[in-house]
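Input: a single structure, listed below in structure tokens.
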Ligand SMILES: Cc1cc2nc3c(=O)[nH]c(=O)nc-3n(C[C@H](O)[C@H](O)[C@H](O)COP(=O)(O)OP(=O)(O)OC[C@H]3O[C@@H](n4cnc5c(N)ncnc54)[C@H](O)[C@@H]3O)c2cc1C
């Protein structure tokens, strides 16, 4: 058994932490965010609450399904609706259930984080191996250096471009370096807004759109995340890329003007969140990269010390992909530390 350092308290890092701890390892989780969850994100602005990243999750993998069942039983998740969120649906999506955190998406992460040793507001600046042990160089919220953390194994779960930066000083295998180098992400501009009247979204309170520039709209009052009307508007990747450097006020104005016919009301922008790494692009790494789609993790050794890279970028993306990757990383590190 060993001490495992985990960077990232998103769904991948949190599930890996639980699995490793349940297998007898000491686990330390570090995240630069002030709250756990990563892209399972919820934000308050005044009296309103917004889910700002993922809006729902689907689950097909039985192992992830067992975790979901536990969250449902504890009331930290609930079934939201069945079928396609598109209107009109481009194809029959059967009655496949979509789930949400309850009351908000981050509730799932908060539940998972509650029983873990977690350092929030702690940014990893870089990692290296000294005397066969991993070392994390850290900064606090005010960018002041913190004592180095050391461990027998390291799991990195940030979006892959951020993981690549953390590994800049580390000698990786050619396969790991090439696979990480090939993974790209789309950005997403998200506008949080106060609707000026009642919204006219479908009864579930959300819609996915196939027309530029709005990709998704949610009324967080209807979903139960917010006590008052509160609209989350995600832009398409094309709009997000084109307007990445535009002032917040312009992004909010243009996105909300395009959203108004779908919302059934105008809305006032309150905050713009810039997700630089929202979702992985293109096919997930596959057999050509030596990654088993059923065990979506990269395992390497640096001077004998195990390193795993996980997260949604190692899969086709989404919450479930990240969860599967985190669980696969826990298995890989458990095996490596036992060997
Ligand atoms: C706008 C948007 C909408 C989405 N909608 C959906 C949806 O409806 N359904 C769905 O299934 N998926 C959706 N997704 C995708 C889903 O949110 C992600 O696939 C999933 O949450 C990724 O989890 P993860 O653990 O891999 O990464 P993350 O959640 O990104 O976790 C990585 C963590 O690493 C931390 N970190 C990064 N760098 C450092 C550092 N240097 N030091 C310390 N910590 C660091 C971050 O703070 C973060 O908490 C959406 C994503 C976005 C952005």
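Throughout, read-outs are computed from the coordinates displayed, never taken from laboratory work. Just so it is clear, the model here is predicted, and its values are computed rather than measured.
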Size of the chain as Cα extents on the principal axes (Å, biggest first): 62, 41, 38
Rel. contact order, % - alpha carbon contacts under 8 angstrom, at least six apart, the chain: 22 percent
Equivalent ellipsoid dimensions for region 76-230 as semi-axes, Å, which come from the Cα gyration tensor, largest first: 39, 21, 16
Globularity index of region 1-133, i.e. its alpha-carbon radius of gyration over 2.2 N^0.38 Å: 1.21
The chain: calculated mean residue ellipticity at 222 nm from DSSP helix runs of at least 4, using -39500 (n - 2.57): -8500 deg cm²/dmol
q = 0.23 Å⁻¹, region 185-280: log10 I(q)/I(0) [Debye, one scatterer per Cα]: -1.16
Convex hull (Cα only) mean projected area of region 1-58, reported in nm² to one decimal: 4.9 nm²
Volume per residue that the Cα convex hull of region 89-160 spans, once the total is divided by residue count, Å³: 198 Å³
Percent of Cα pairs exceeding the 16 Å cut-off, where the set is region 210-262: 44 percent
Binned Cα-Cα distances of region 110-199, short to long, each 5 Å bin given as a whole percent: 2, 10, 16, 18, 16, 15, 10, 5, 4, 3, 2, 1, 0
Nearest 10 degrees, 0 to 90: helix 62-74 Cα axis against the chain principal axis: 60 degrees
Folded to 0 to 90 degrees: helix 318-338 orientation relative to the chain principal axis, Cα: 10 degrees
Average Cα contact separation per residue, region 185-280, under 8 Å, 6 or more apart, as relative contact order %: 46 percent
Mean separation of Cα contacts under 8 Å (6+ apart) over length of region 1-123, as relative contact order %: 32 percent
Helix 248-263 vs. the chain, principal-axis angle (Cα, 0 to 90°, nearest 10): 60 degrees
Pairwise centroid distance, computed over Cα atoms, of region 112-167 with region 212-261, Å: 33 Å
